[in-house]
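To start, the structure under review is shown below, and the notes come after it.
The values are calculated or read from the model by the stated rules, or taken from the named source; none is laboratory data. Note that the structure is predicted; figures quoted are calculated from it, not measured. Here the Cβ is made from the backbone with ideal geometry for all residues, glycine too, and neighbour counts use every protein chain on show.
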Amino acid sequence: MKNLGSYKITRQGQITLPAEARKQLTLNEGDTVDIYSTDDLLVIKKRKTPVQVFEELAVKTTERFKQQKITRDTVAEEIENVRKGS
């Protein structure tokens, strides 16, 4: 984990995220982040939209299918087998 420096908290309880951190997470004005805490540590994570999550899942699934040589025909056959009760 990289130290991005020390920052003061404003009277309103706000901090400014360093430009390097915003660039690394591709954060823009209006984006939503999730904040997790444990003991004395805060973790800021960019929230992904449902579409982004689905796209990432689709890419991973496609890669895994290619690695295991699973084709559309294989999937169609398995679906048909399940429908038949085999």
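Against the conditions (1) surrounded by 10 or more Cβ atoms within 10 Å (Cβ to Cβ); (2) among the acidic types (Asp, Glu); (3) not in a loop (DSSP other than H, G, I, E, B), where does Asp73 fall short? Just the number, please.
In the conditions (1) surrounded by 10 or more Cβ atoms within 10 Å (Cβ to Cβ); (2) among the acidic types (Asp, Glu); (3) not in a loop (DSSP other than H, G, I, E, B), Asp73 misses (1) alone.
Look at Thr10 and say whether it is loosely packed, with under 10 Cβ neighbours inside 10 Å and β-branched (Val, Ile, Thr).
yes
Within the set of pairs 6 or more residues apart or between chains, which connect a residue that is not assigned by TED's automatic domain parsing to the domain that holds Val43 and part of a loop (DSSP other than H, G, I, E, B) inside the range 12-23 to a residue that is surrounded by 11 or more Cβ atoms within 10 Å (Cβ to Cβ) and not basic (Lys, Arg) with Cβ atoms less than 7 Å apart?
none
Scanning the range 1-21 for residues that are more than 16 Å from Leu41 (Cα to Cα) and among the small types (Gly, Ala, Ser), which turns out farthest from the chain's Cα centre (by Cα)?
Filtering first and then ranking leaves Gly13.
Got a number for residues in the range 30-46 being surrounded by 11 or more Cβ atoms within 10 Å (Cβ to Cβ) and part of a loop (DSSP other than H, G, I, E, B)?
1
Sort through Glu63, Glu80 and tell me the only one that's closer than 30 Å to Met1 by Cβ, among the charged types (D, E, K, R), outside the structural domain of Leu4 (by TED's automatic domain parsing) and not in a strand (DSSP E or B).
Glu63
Quick one: in the range 18-31, which of the residues that are modelled with pLDDT under 90 and of a type in the set (A, V, I, L, M) is farthest from Lys48 (Cα to Cα)?
Ala21
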